[in-house]
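Inspection log for the structure reproduced underneath, given as structure tokens.
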Amino acid sequence: MTNPFFKNHGPLKISKICEIINLNFDNKDTDQEIYDIKDLGNSENSDVTFFHSKKYKEIAAVTKASYCITTNSLKNELNSNCSPLIVDNVLIAVAKITNEFYPNAINDEFDSSVIHINKSKFKDKTKYGFNVLVGDNVTIGSNCSLGHNAIIEKNVSIGDNCSIGSNTIIRNSLLGNNVKVLDNCVIGKHGFGFFPDKNKNLRYPHIGIVIIEENCEIGCGSTIDRGSMSNTIIGKNTYLDNQIHIAHNVKIGENSIIAGQVGIAGSSIIGSNVRIGGQAGISGHIKIGNNVEIGGGSGVIKNIPDNTKVMGYPAKNIREFLRDNK
Amino acid sequence: MTNPFFKNHGPLKISKICEIINLNFDNKDTDQEIYDIKDLGNSENSDVTFFHSKKYKEIAAVTKASYCITTNSLKNELNSNCSPLIVDNVLIAVAKITNEFYPNAINDEFDSSVIHINKSKFKDKTKYGFNVLVGDNVTIGSNCSLGHNAIIEKNVSIGDNCSIGSNTIIRNSLLGNNVKVLDNCVIGKHGFGFFPDKNKNLRYPHIGIVIIEENCEIGCGSTIDRGSMSNTIIGKNTYLDNQIHIAHNVKIGENSIIAGQVGIAGSSIIGSNVRIGGQAGISGHIKIGNNVEIGGGSGVIKNIPDNTKVMGYPAKNIREFLRDNK
Amino acid sequence: MTNPFFKNHGPLKISKICEIINLNFDNKDTDQEIYDIKDLGNSENSDVTFFHSKKYKEIAAVTKASYCITTNSLKNELNSNCSPLIVDNVLIAVAKITNEFYPNAINDEFDSSVIHINKSKFKDKTKYGFNVLVGDNVTIGSNCSLGHNAIIEKNVSIGDNCSIGSNTIIRNSLLGNNVKVLDNCVIGKHGFGFFPDKNKNLRYPHIGIVIIEENCEIGCGSTIDRGSMSNTIIGKNTYLDNQIHIAHNVKIGENSIIAGQVGIAGSSIIGSNVRIGGQAGISGHIKIGNNVEIGGGSGVIKNIPDNTKVMGYPAKNIREFLRDNK
């Protein structure tokens with residue numbers, strides 16, 4: 001569950017963490033060492049976490065983290081074993097602390113560690129086209145093919161029997177067995193996450209990765225951004241058509257089918273056996289249940305329960321949609 | 001009309017075809033040789049065809065095929081000269097038979113037959129950029145240009161005076177004269193067609209091609225998938241803007257104008273002199289007439305007759321749309 | 001404000017201009033030399049301009065141009081110091097004249113002037129990946145990086161501390177300092193502008209460029225077309241997410257945030273501090289004020305005043321949208 005790629009520069013003393021975000025810390029007797037920053041659900045006792053929206057209050061009530069960056073108005077929702085660190089802007093504080101743990105997770109310039117695959121250890125075990133590049137810390141399983149001009153940047157693990165299309169760029173990603181990524185995709189770049197500032201927006205780190213489980217297919221021209229504090233996940237045997245955009249931290253279940261030009265905004269969670277029609281859009285931070293069908297062109301702006309068919313903008317029950325539009 | 005690229009491994013005896021799809025065949029006296037599998041409209045007496053949706057009952061009534069894969073509930077709509085082959089799932093049966101006729105039409109890995117154009121017969125007759133690749137069975141007319149990193153994979157015929165953009169990938173396609181395909185396009189890959197299966201989806205063959213007729217222009221970042229059982233066709237002098245997605249089997253008429261980010265789902269038929277505004281979406285298996293105007297952002301989910309202006313989601317007559325949204 | 005890249009082949013006598021568009025010109029005594037063709041707002045006394053839609057009548061009333069191509073029904077809106085040149089189709093006349101001033105602004109074939117960057121003057125001052133190409137008339141500031149397979153075609157100026165992604169193609173563009181263009185983008189190609197014709201559409205020249213001001217970021221797979229008669233401009237510190245399409249002549253203000261898969265049609269003007277949700281579409285030739293928020297999936301088809309929140313298709317006040325869709 002933890003990120004296998006970005007080097008964690010911790011532990012950091014909690015007194016140091018407070019200093020980074022301009023909080024007083026006077027309890028020197030219990031200056032605990034903090035090993036990582038994680039989201040509410042994944043934190044352990046040795047971690048600091050963060051809590052910035054009421055949407056997450058149920059997880060906040062049971063988090064295992066020792067410390068939590070939050071606001072005055074949310075602090076009472078926290079598990080009583082977790083000490084709040086009260087700030088004005090939770091996300092800016094998280095960005096600063098994350099940057100201390102993972103200083104290399106902001107910059108997404110091209111990977112200068114890559115070499116031509118014919119000079120790499122993959123030369124004889126992988127089928128590849130012209131001008132294929134591979135970076136540091138890459139593993140490739142057996143019986144894979146890499147199309148012309150494919151760029152497998154650093155921190156990528158590819159399973160067996162995978163096929164990567166021409167002109168596709170991948171970094172910070174784990175691909176299971178039998179995954180196909182078609183041409184012209186960009187997988188694993190940082191998401192669209194930053195703090196707006198009138199002079200110069202402040203990017204925050206993206207320490208998550210992209211996980212594409214076994215038997216998936218990703219269509220031409222698609223973009224899948226890696227997560228900021230958690231991972232972006234495509235569940236096994238899920239198929240994506242062309243020109244799809246999956247934003248950071250999105251999780252999609254198994255056996256789902258997503259048609260062309262769909263966009264899923266950040267941190268939304270899509271269930272298994274979900275079918276999404278072409279050009280539909282899913283807002284950020286919402287939850288789509290299992291066995292849901294979303295009609296083409298729909299705009300989904302709230303949670304959808306299991307076993308539901310919806311359509312429209314905003315999306316509603318499909319029977320209601322068809323009745324209203326007779 | 002037949003596919004010029006995929007090698008047909010037929011003929012197959014009808015007894016063999018029945019065996020592939022687990023049907024009994026006991027009439028050995030008339031074990032006809034079947035030369036191809038085609039859609040209802042294009043089949044000849046020596047072909048097997050398929051009929052899986054009531055939408056096609058008018059064509060089914062006049063098909064020339066000798067045999068037709070269909071269901072018990074549809075068989076009575078068939079031309080009485082055509083013998084039904086009754087199955088539970090028509091499309092899975094079609095996939096199996098197609099795969100027997102055309103075993104090379106499923107796999108869409110990168111084309112390993114390509115060579116650098118400067119080592120090819122096109123070296124002196126074509127203008128080209130850096131790192132251009134051409135595959136087997138490619139023809140290029142006079143006065144063409146191929147941009148940097150363009151990949152003309154196998155089975156492509158390009159007319160005279162064509163211009164292919166940088167980073168564009170083309171396979172299994174026929175381009176007429178004076179066609180421009182701009183940068184970063186993917187033309188001729190298989191469509192988003194498969195049979196969902198909980199363990200591992202089953203892809204079906206795409207034996208159709210992409211035909212782009214003379215004087216067309218295809219904008220940057222567009223994807224045009226080749227057909228499954230018929231061809232994907234862009235009619236002459238039709239212009240597509242950037243980031244458009246045209247799914248498998250779509251046919252677009254002449255002199256049409258399609259603005260940015262439009263998506264057209266599988267098997268829909270668009271007339272001539274049609275104008276489609278930006279980001280509009282067209283559902284699959286529908287028919288848009290001639291001289292139709294579709295407003296930007298519309299979602300078209302049913303047939304549109306000739307000479308109509310529509311807008312909205314679902315798209316309706318534009319006067320009605322404007323009145324409802326005053 | 002004038003285009004720095006396309007060579008102006010003027011001046012042209014006004015008699016010559018009339019001849020190009022088949023008008024009589026008999027006042028030989030005052031056969032003025034015309035130095036350029038510009039839009040209404042940017043024209044000087046030595047220029048010819050054009051006026052084809054009532055939308056621009058306020059600017060027409062104060063244009064400084066000596067001559068204006070327009071129609072009989074619009075001519076009375078013109079500044080009385082400006083002589084009308086009456087034609088049936090203003091835009092075709094403009095295309096013909098522009099082509100005379102700027103004969104090289106129609107053709108957008110790949111740039112054959114490019115060389116490998118390691119053979120260029122940028123070899124030692126710029127960080128670059130494999131297979132990077134740079135064309136004529138390119139400048140690159142200090143501390144920039146160019147990703148693998150990036151193509152900087154002719155007529156590009158890149159500021160300091162810029163980062164250009166892999167597989168990205170740029171031409172006819174000015175980038176300020178600290179601009180990031182991520183992977184697989186196409187910046188500066190001609191827009192989707194032509195005169196429909198049943199036999200062969202007629203492209204018109206695009207003499208504008210793309211200007212991306214300092215501190216901007218452009219997401220993966222985006223396309224930004226250069227302007228036809230004016231420039232396409234992205235204001236400073238504006239961030240665009242992945243798969244966005246910005247059409248010709250669009251102007252976006254400062255500090256704006258535009259989420260994934262948004263499309264903005266030609267000639268629209270977007271203010272500063274604007275936020276646009278994912279997949280929203282903006283029609284052409286409209287004006288969005290400052291501090292506007294547009295909900296994801298919206299379709300904006302009319303002007304939006306400052307400080308407004310809108311959502312829906314067609315977009316309306318967000319309170320109204322939420323009330324109507326409870």
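The numbers here are math on the coordinates, done by the rules we state, and not lab data. Small disclaimer: the values here were computed from a predicted structure and weren't measured. Quick reminder, even Gly has a Cβ in these numbers, built from the backbone with ideal geometry, and neighbours come from all protein chains shown.
Observations on the structure shown:
- Debye equation applied to the C-alpha atoms of the stretch A:38-83, log10 I(q)/I(0) at 0.25, 0.26, 0.29, 0.34 Å⁻¹: -0.75, -0.82, -1.04, -1.46
- For residues of B:212-224, the mean tally of beta carbons on other chains within 10 Å: 5
- Dipole moment magnitude, nearest 20 debye, the stretch A:96-171 about Cα centre, only Lys, Arg, Asp, Glu C-beta charged: 260
- Every pair of different Cα atoms in the stretch B:184-243 enters the Kirkwood calculation, which places the hydrodynamic radius at 12.6 Å.
- The order of C:S80, A:S230, B:S112, B:S142, going from fewest to most other C-beta atoms within 10 Å of their C-beta, is C:S80, B:S142, B:S112, A:S230.
- Pairs from B:K236/C:K7; B:K7/B:K154; C:K38/C:K309 whose Cα-Cα separation, in the structure shown, is over 24 Å: B:K236/C:K7; C:K38/C:K309
- According to the Cα-based calculation, Rg over Rh for the stretch C:187-326 is 1.01, with Rh computed by the Kirkwood formula.
- Distances between equivalent label points of A:N27 across the copies, with each point positioned 7 Å along Cα→Cβ, amount to 8.8, 8.8 nm, shortest listed first.
- Each principal axis of the stretch C:95-252 carries a Cα extent, and these read 49, 33, 23 Å when sorted largest first.
- Between B:S80 and B:L202, the FRET efficiency estimated from the beta carbon spacing at R0 = 30 angstrom works out to 0.35.
- What the Cα convex hull of the stretch C:33-171 gives, in volume per residue, is 146 Å³.
- Relative contact order computed over the stretch A:256-303 (Cα-Cα under 8 Å; 6+ residues apart), in percent: 37
- Convex hull volume of the Cα atoms of the stretch C:206-277, normalised per residue: 62 Å³.
- Ranked from largest, the principal axis spans of the Cα set of the stretch B:159-264 equal 46, 23, 23 Å.
- Rel. contact order, % - alpha carbon contacts under 8 angstrom, at least six apart, the stretch A:202-326: 14
- Per residue of peptide C:299-306, the mean number of Cβ atoms on other chains within 10 Å of the residue Cβ is 3.
- Gap separating the Cα centres of the stretch B:275-326 and the stretch B:212-261, nearest whole Å: 18
- Cα-Cα pairs of the stretch A:118-181 separated by more than 18 Å (percent): 19
- Semi-axis lengths (Å, descending) of the ellipsoid that matches the C-alpha gyration tensor of the protein assembly as shown: 41, 41, 29
- From least to most packed, judged by other beta carbons within 10 angstrom and beginning with the fewest, B:D225, B:D39, A:D136, A:D26 follow the order A:D26, A:D136, B:D39, B:D225.
- With the cut-off at under 13 Å, measuring from each backbone N in the stretch B:160-185 to a point 7 Å along the Cα-to-Cβ line of B:N137 picks out B:171-174.
- Modelled FRET efficiency - R0 60 Å, A:N118 with C:N89, Cβ distances, 0.05 increments: 0.60
- Compared with the rule-of-thumb size 2.2 N^0.38 Å for a compact globular protein, the stretch B:276-326 has a Cα radius of gyration ratio of 1.02.
- Under 5 Å, built H, 5+ apart or other chain: amide partners of A:V156: A:V138, A:T139, A:N172, A:S173
- For C:D160, A:D183, B:D47, order by how many other beta-carbon atoms lie within 10 Å, fewest first: C:D160, B:D47, A:D183
- Geometric extent, Cα atoms of chain C - Rg, Dmax (angstrom): 21.2, 71
- For the residues of A:131-137, the average number of beta carbons from a partner chain within 10 Å of their own beta carbon is 2.
- With N as its number of residues, the stretch B:12-101 has a Cα radius of gyration that, divided by 2.2 N^0.38 Å, comes to 0.96.
- Built amide H within the under 5 Å cut-off of A:C68, gap 5+: A:T49, A:S83, A:L85
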